[in-house]
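Below is one structure, written out as structure tokens; comments come after it.
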Amino acid sequence: MKKCDVIIPIYNAPEWVKLCVYAVIQNTSLKDLNKIYLLDDNSNVYTKNCLKNLKEKYGDLIHIETNSENLGFVKNVNHGIELSIKDKNSDCVLLLNSDCLVSKNTISKLMAHIDKDNQIGLICPVASNAANITLELFRGFTYTQMDQLLEKKFSGLSFDACTVVGNCLMITKNCIRKVGYLDEIYGMGYGEETDYHFKAIKNGFKAKIAIDTYVFHKAEVSFGVSKEKKERIENNRKIFFERWGKEYKESYNLYRKNDPIEYIKNNITEEDKEICIDTLFYLPDIHQNAGGCHMITDMVNYMAIRGYSANILYRNIVNYKEIMVFNPVPIKYISSVDAKRIVSTVWESAYQAYQISLDKNIPLVSFIQGYEPYFENANIYGLVELSYKLSDSILTISNYLSNKLKNIFNYSSKIIPNSIHFDLLHCVNENKKVNTITVILRGSEMKGDFLLMDLIKLIDYRCKDIRLNVVFMNPYIEFPNLTNPTIQTHFIKGPIERSKIHELLQKTDIYVDASLNEGFGLTALEALSAGCVPIVSNSFGIEEYMQDTKNGYIIQEVNNVEKYFEKVELLIKKPKLFCELKEGRRETSKRFDYDQHIEEYIEYFKSINHDIISVKTFTEKEQKILNARISLKNGHSRVKVFAYRLDKIIPKVVKEKFKKVITSLYSMYQH
């Protein structure tokens, strides 16, 4: 039986490496898979930590090669091919970029094409971003839905390639033995697979595009786009065309007459592109400075990789920098969406989600990630309470939130614990004493920023030889006057990518969180996994994983900054205690690994069917509020985004004047 080795060249970008490997393992039968070679081309320490965790998770299926110096893309790939050839347990190799995600049976479908025609030496799928074989995601589609559509419409079909694309390229061992390896004259990469394509053709092999297979490719995550890269591309193009210019021109002319992407587009109907979604999350504003947004996009990403059709309905995307392997749906297209259930993601989204549920006769799920009645100093308490009443089912992330909903409002809920990316976070923190303290100022009174500012001042006044990291979201914040020359204070303007937060936590010894309201407290758990000792306020949900004096400290007198500093000082003075508190964190944090919980989410949403839709009755006052909220189609979340955008463009000197205007608008929408 034929097997395939997967060769993944890696240079940094661990968040993509993790998903890439996860997609291969989830979407490939073990009968088709021999080994996954992770070729670390002298990546940073965060990537190396991730690779170690992946090896521990997946065992012998993973083989890691670490280069002591950066070999460059082509040499690195050739080393992987050499390892695969020596292994002799596979019949082909799949060259896979670390930012490329395979779909269900991508490998077996490509091998099936080779089985039908043993002259095929190279074959690649259609991709979301892949030069001349790019087919962009349709609106409202995940990348695996694109794959399912192409398989349904074009099963078994392949086209002659003008040039194969190397982000996901299968090469047979027969081809490698006859043609050899990639030409290392192409150095860091670009053009090497095209050069190989024409060498294979010259040696009697075929190069094909499988149009029944689709993968997601981000591109440029390791090296980005730079002047040096542009120069390299031009140099490599020159090499290629000097070798193969005539052959390429002939191939291109033939390809234009039989273009696979044009064939797909001509044979895909508007009916094929209709938006059909099992679970639709209504996330009005997708922006970087919101943990809830990250939670939802993570959930949809993982569901997409698993082949489950989930997506996000949105109004605005503002400065969002995280991974999305799906094409979200602007709310103006909601009438054309066929969904089986809709999920509100914050109390204010429940009102319009409720109207959508009525219009489409589908269940409404409330996904509650924080104790929302306390938001905005409880000024919206009644609105939140009414939003819960609209739901047919409630999903939440902690026992604390579930108990609150039951005890205060008499609503039952399903609990699926909040999750972290364990593979990205866990590392061996070898520090024997406290060197670095990190705090995050999140721009909200409820998050305890005022306490953390006092703490910054106390550390500056009473400590020495400490590095202090301060991440802050408010660009107009006025920091305390710091005078201690031995304290290295680093101010980091947010919002920043989560990968940067992860890197920061892995370099941190103590993480302090003084939040007064946390439904779970995800960052503190991430800090625990990354090797920090968390010092956290007793803000409700943190007791899901924090054990006072066992893996950190829980501050009971949450408004007393001296209590936070007392624990900071204790850990600085007692290195042995600091080391003891770091022990055992691995098993605690591993229980919340995202990979373990995604199946629970999928099964839960599958269980939410029409038979749970309930008839809801409202008082006259509630009906008036409901009508008013639904009629405010943009909700006051739109005003928040407007305020955010103004904040970016307004000079500081006039900021206060505009702030009053925004506050007035905000108040008007609330009432």
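List of remarks:
- Overall, the chain carries a charge dipole of about 740 debye about its Cα centre when +1 sits on the Cβ of Lys and Arg and -1 on the Cβ of Asp and Glu, all other atoms neutral.
- ³J(HN,Hα), Karplus 6.51/-1.76/1.60, whole Hz, each residue of segment 481-496, x for Gly, Pro: 7, 9, 10, 6, x, 8, 9, 8, 9, 10, 9, 10, 6, x, x, 10
- Amide H contacts under 5 Å for Thr213, placed H, 5+ residues apart: Val126
- Cα radius of gyration and Dmax for segment 239-355 (Å): 20.3, 63
- Cα-based Rg and Dmax for segment 408-561, where Dmax is the largest Cα-Cα distance (Å): 15.7, 55
- Note on exposure: Asp593, Asp465, Asp272 ranked by accessible area (1.4 Å probe, complete protein assembly) read Asp465, Asp272, Asp593, with the most exposed listed first.
- Karplus (6.51, -1.76, 1.60) ³J(HN,Hα), θ = phi - 60°, over segment 285-296, in Hz, Gly and Pro reported as x: 10, 9, 9, 5, 8, 7, x, x, 5, 5, 4, 5
- Protein heavy-atom accessible surface, 1.4 Å probe, per residue over segment 1-106: 35 Å².
- Accessible solvent surface per residue of segment 258-404, calculated while the other protein chains remain in place, 1.4 angstrom probe, Å²: 33
- Taking the longest Cα principal axis of the chain as reference, the axis of helix 449-462 is set at about 90 degrees.
- The helix-only estimate of mean residue ellipticity at 222 nm for the chain, built from DSSP H runs of length n ≥ 4 each weighted as -39500 (n - 2.57), is -13500 deg cm²/dmol after division by the residue total.
- Checked against a 32 Å cut-off, the cross-linked pairs Lys116/Lys321; Lys178/Lys265; Lys152/Lys218 give Cα-Cα distances beyond that limit for Lys116/Lys321; Lys178/Lys265.
- Expressed as a fraction of 2.2 N^0.38 Å, the value expected for a compact globular protein of N residues, the C-alpha radius of gyration of segment 104-146 is 1.36.
- Computed on segment 298-410, the Cα convex hull volume stands at 129 Å³ per residue.
- Amide hydrogen neighbours beyond the local backbone of Lys3, cut-off 5 Å, H modeled: Asp91, Cys92
- When a 1.4 Å probe is rolled over the protein heavy atoms, the share of accessible surface on segment 371-453 that falls to carbon and sulfur comes to 48 percent.
- Fraction of accessible area attributable to carbon and sulfur, segment 305-346 (%, probe 1.4 Å): 44
- Among beta bridges identified by DSSP and lying wholly in the chain, the antiparallel ones come to about 15 percent.
- Arg177 - accessible surface, heavy atoms, 1.4 Å probe, Å² rounded to 10: 150
- Orientation-averaged projected area, Cα convex hull of segment 471-619 (nm²): 14.0
- Note on Lys238: aspartates and glutamates with a C-alpha under 18 Å away, same-chain residues under 8 apart excluded, are Asp183, Glu184, Glu192, Glu193, Asp195, Glu228, Glu247, Glu250.
- In segment 88-226 the Cα-Cα distances spread across 5 Å bins starting at 0 as 2, 10, 21, 24, 20, 14, 7, 2, 0 percent of all pairs.
- Of Thr523, Leu570, Thr269, farthest towards positive along the dipole that unit charges on Lys, Arg, Asp, Glu beta carbons give the chain: Thr269
- Fraction in percent of alpha-carbon pairs per bin - 5 Å, segment 280-337: 4, 20, 32, 25, 15, 4, 0
- Rel. contact order, % - alpha carbon contacts under 8 angstrom, at least six apart, segment 327-408: 29
- For the chain, the longest principal axis of the alpha carbon atoms and the long axis of helix 227-257 meet at an angle near 50°.
- Each Cα pair under 8 Å and six or more residues apart adds its sequence gap; the mean of these over the residue count of the chain is a relative contact order of 11 percent.
- Working note: Cα atoms of the chain, range along each principal axis, descending, whole Å: 76, 62, 50.
- Here segment 134-181 is treated as an ellipsoid with the same Cα gyration tensor; its semi-axes, largest first and in whole Å, are 28, 13, 10.
- Per residue, the solvent-accessible area of segment 410-469 (1.4 Å probe, heavy atoms of protein chains only, all protein chains present) comes to 44 Å².
- Bridgeable lysines around Lys457 (alpha carbons under 24 Å apart, same-chain partners fewer than 8 residues away excluded): Lys433, Lys447, Lys493, Lys507, Lys563, Lys567, Lys573, Lys574.
- Counting only protein heavy atoms and using a 1.4 Å probe, the accessible area of Thr142 comes to about 0 Å².
- Calculated P(r) tail over 15 Å for segment 53-100, as whole % of Cα pairs: 57
- Of the solvent-accessible surface of segment 102-243, computed with a 1.4 Å probe over protein heavy atoms with every protein chain present, carbon and sulfur atoms account for 47 percent.
The values are calculated or read from the model by the stated rules, or taken from the named source; none is laboratory data. A quick note: this is a predicted structure, and the numbers were derived from the prediction, not measured. So basically every Cβ, Gly included, is an ideal-geometry build from the backbone, and we count neighbours across all protein chains shown. Protein only, heavy atoms only, side chains kept; ligands, DNA and RNA dropped before computing areas. Shrake-Rupley method; radii C 1.70, N 1.55, O 1.52, S 1.80 Å.
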